[in-house]
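Notes follow the structure.
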Amino acid sequence: MAKDNKNTSKKPKISPYWIYGIVIAIFLGIQLFGGSAFQNTKEIKTSEFINYLEDGDVKEVIVVSNTKTAKVYLTKAALEKEVHKKSKSKSFLPTGSEANYTLKFGDLQNFENRIDTIITEKGLSTTRDADIENNAWGDILISLLPFVLIIGVWIFIMRRMSSGGGGGAGGQIFNIGKSKAKLFDEKTDTKTSFKDVAGLEGAKEEVQEIVDFLKFPEKYTALGGKIPKGALLVGPPGTGKTLLAKAVAGEAKVPFFSLSGSDFVEMFVGVGASRVRDLFKQAKEKSPSIIFIDEIDAIGRARGKNNMSGSNDERENTLNQLLTEMDGFGTNTNVIVLAATNRADVLDSALMRAGRFDRQIYVDLPDVRERKEIFEVHLRPLKKEETLDIDFLSKQTPGFSGADIANVCNEAALIAARKGKKAVNKQDFLDAVDRIIGGLEKKNKIITPSEKRAVAFHEAGHATVSWMLEHAAPLVKVTIVPRGRSLGAAWYLPEERLIVRPEQMLDEMCAALGGRAAEKVIFDKISTGALSDLEKVTKQARAMVTVYGLSDKVGNLTYYDSSGQSEYGFSKPYSEKTAELIDKEISNIIEEQYQRAINLLENNKDKLTELAEVLLDKEVIFKDNLEKIFGKRAFENAVITEEEE
């Protein structure tokens, strides 16, 4: 029957893993038991053997010199003694052929002389023989064990790397150079549609056109137009680039090959280029189709610059093959390449040119209207209060990406569940935003009264200065409850600006320095508590001088390189004299705003003290507390006034 089935393509029923296991078990068994002829004889100490020998219980001793082992055979009379009955152990050999005891000894000559001396002095009939343990087959097999294990591991790896295809004359081919792309079936796998992607109106409009290319290519080619070969999705992390690509696959109803840029990387030379070729071959066979490469910067980085001793040759070969494949398409192959990255500045210029990635689609952080749409999507599965104001939530989360908003909704649900609520309400979302931005609240953190008072005046200083300045961000709340790594915080709701003017940046810097200024005004001392504030204002001042050209002393110059491929390398693109001027200008800007904050607080010292005392009492204060002390802001932004209670 076996001969009749020898040409079938069915795999053998016996798993190769069983064969490997049996071989290893046999060799381990030989190693463990081969030297002792599979015996299980009781081993005794030399002192016990001497006692048995002196008592006349030993019939014969065989000394195995090459293993320094002695085999002890007892007399028939000794076997009847109670002390020796336990020596009758189980054995694989016939009864009587195995020794009653075995023992290990040290020096051979001393051991033999001691036995002979006792036999002579006691007049014993005990005989002593010498022997050499000869287990040639066991020694040979044990010496071959490492090679057998290596060969077994090699066979296992080759089977894993093989195509799994048939037997026959051709044998199995290795698939290490095959593409690792996952193919999504348009009928079952790709369920995401554009309805699931909230916001991103501009990006959706562009990718919808790509879908239209794939559905009705003749509509465009009939007029002489060419279908774009690629589109690059660029934007910060969490903005929905991958989700947008899934929506394209779901809407187009075509085969969708998805993989990451790192899937091309392998330890073997030439594998990356081979996988690129195989990927595009599969896509052409199933055209019209889409190839989506996530995090393409893993293989698409600029070539040639800072290449140390050819260390990136394999990655560059992969990129070269990708460039060749993308540029080799005809106009009617109907294969479009989508790629996503948040590091577009490091991509090779050849990859970005027209004819490869014809379009760059920017997926920016959502604005207030788009955040509302994203909240509506992520609030659907939550049990929330009917009176929950989504507009309020969208305004409370400036700068949040789609992933951040999803996290806020999940955290709010967890907080509500922790408190035993039946529905998620507004306060749960506010707590979730605080938790994500500031960290976990630590009310049990040990803090001395003097430290707590210093923190209260520090945060009150932020609140006071920001309240007095026209362009500073509106205050939401101030707290001295430790959260994360901070001992206190002042929460603001920054205005979403497309352009920023110098007076706006200076007001924000002055408000950030209000905490240190308050410590100076009240205690005439400063502390390390302003570290994050100083870091923020230093970056802002440096950006004003070296990036945006907003300094009168330095002039309308920028040293920012948007391409990320500066020709200056690690050196500065300005002279040492200019560097000194820049450093001095940055310092002057910061010191000017610090002195401005001190002057504001000295003029309102009584109100600052009153606010700090309220903060020490309540630990958390809101906008209405400031209005009671300072009155309403004369320049309150009309858009923001509706946000707080």
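Of the residues ALA412, ALA472, ALA423, ALA456, the single one that is in contact (Cβ under 8 Å) with a residue 12 or more places away in the chain, crowded, with 22+ Cβ neighbours inside 10 Å and over 26 Å from ALA511 (Cβ atoms) is ALA412. Please go through the range 367-395 and pick out each residue that is in contact (Cβ under 8 Å) with a residue 60 or more places away in the chain and touching a strand residue (DSSP E or B) at 6+ places or on another chain (Cβ under 8 Å). Result: no residue meets the conditions. Scanning the range 525-535 finds one or more residues that are at pLDDT 90 or above and closer than 30 Å to ARG485 by Cα. Can you find a residue in the range 610-620 that is surrounded by 12 or more Cβ atoms within 10 Å (Cβ to Cβ), in contact with a strand residue (DSSP E or B) (Cβ under 8 Å, 6 or more places away or on another chain) and at positive phi? Yes, the range 610-620 contains a residue that is surrounded by 12 or more Cβ atoms within 10 Å (Cβ to Cβ), in contact with a strand residue (DSSP E or B) (Cβ under 8 Å, 6 or more places away or on another chain) and at positive phi.
Results for (1) at pLDDT 60 or above; (2) within 27 Å of the chain's Cα centre (by Cα); (3) open to solvent by 80 Å² or more (accessible area, probe 1.4 Å); (4) among the aromatic types (Phe, Trp, Tyr), shown as yes or no for each residue.
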{"site": "GLN172", "(1), (2), (3), (4)": "no, no, yes, no"}
{"site": "ASN175", "(1), (2), (3), (4)": "no, no, no, no"}
{"site": "SER179", "(1), (2), (3), (4)": "no, yes, no, no"}
{"site": "LYS182", "(1), (2), (3), (4)": "yes, yes, yes, no"}
{"site": "GLU186", "(1), (2), (3), (4)": "no, no, no, no"}
{"site": "PHE194", "(1), (2), (3), (4)": "yes, no, no, yes"}
{"site": "GLY202", "(1), (2), (3), (4)": "yes, no, no, no"}
{"site": "LYS215", "(1), (2), (3), (4)": "yes, no, yes, no"}
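Taking the criterion of being open to solvent by 20 Å² or more (accessible area, probe 1.4 Å) and touching a helix residue (DSSP H, G or I) at 6+ places or on another chain (Cβ under 6 Å), the only residue of the range 241-259 that qualifies is GLU251. Screening the range 375-409 for residues that are open to solvent by less than 30 Å² (accessible area, probe 1.4 Å) and either within 25 Å of the chain's Cα centre (by Cα) or of a type in the set (D, E, K, R) (or both) and picking the one that is nearest to VAL424 (Cα to Cα) gives CYS409. Listed by position, the helices (runs of 4 or more DSSP H) enclosed by the range 360-429 that each have at least 2 residues that are within 27 Å of LEU338 (Cα to Cα) are 368-379, 402-418.
Kindly establish whether VAL521 is touching an Asp or Glu at 6+ places or on another chain (Cβ under 7 Å) and either in a helix (DSSP H, G or I) or open to solvent by less than 80 Å² (accessible area, probe 1.4 Å) (or both). So VAL521 fits the description; yes.
For the range 48-73, filtering for residues that are open to solvent by 10 Å² or more (accessible area, probe 1.4 Å) and part of a strand (DSSP E or B) leaves 6. Residue count for the range 488-507 satisfying the condition of being of a type outside the set (A, V, I, L, M, F, W, C), surrounded by fewer than 22 Cβ atoms within 10 Å (Cβ to Cβ) and within 36 Å of the chain's Cα centre (by Cα): 5. Please find, within the range 80-90, the residue that is modelled with the lowest pLDDT out of those that are outside any loop (DSSP other than H, G, I, E, B) and open to solvent by 40 Å² or more (accessible area, probe 1.4 Å). Residue satisfying both the conditions and the ranking: LYS86. Look at (1) open to solvent by 70 Å² or more (accessible area, probe 1.4 Å); (2) among the acidic types (Asp, Glu); (3) touching a Lys or Arg at 6+ places or on another chain (Cβ under 7 Å) and you find that ASP358 fails only one, number (1). Just one of (1) surrounded by 23 or more Cβ atoms within 10 Å (Cβ to Cβ); (2) without any contact (Cβ under 8 Å) to a residue 40 or more places away in the chain fails for ALA463. It is (2).
Of the listed requirements (1) without any contact (Cβ under 8 Å) to a residue 60 or more places away in the chain; (2) acidic (Asp, Glu); (3) surrounded by fewer than 18 Cβ atoms within 10 Å (Cβ to Cβ), ASP364 misses just one: (1). Against the test of being modelled with pLDDT under 80, in contact with a Ser or Thr (Cβ under 6 Å, 6 or more places away or on another chain) and open to solvent by 10 Å² or more (accessible area, probe 1.4 Å), the options SER262, SER287 yield a single qualifying residue, SER287.
The one condition from (1) over 30 Å from PHE194 (Cβ atoms); (2) modelled with pLDDT under 80; (3) buried (at least 16 other Cβ atoms within 10 Å of the Cβ) that ARG275 does not meet is (2).
Answer yes or no: is there a residue in the range 373-383 that is touching a Phe, Trp or Tyr at 6+ places or on another chain (Cβ under 8 Å) and of a type outside the set (Ser, Thr, Tyr). Looking for residues that are touching a Phe, Trp or Tyr at 6+ places or on another chain (Cβ under 8 Å) and of a type outside the set (Ser, Thr, Tyr), one finds none in the range 373-383, hence no.
The values are calculated or read from the model by the stated rules, or taken from the named source; none is laboratory data. As the structure is a computational prediction, the values presented were derived from the model and not from experiment. Ideal geometry is used to build each Cβ from the backbone, glycine not excepted, and the neighbour counts take in all protein chains shown. Protein only, heavy atoms only, side chains kept; ligands, DNA and RNA dropped before computing areas. Shrake-Rupley method; radii C 1.70, N 1.55, O 1.52, S 1.80 Å.
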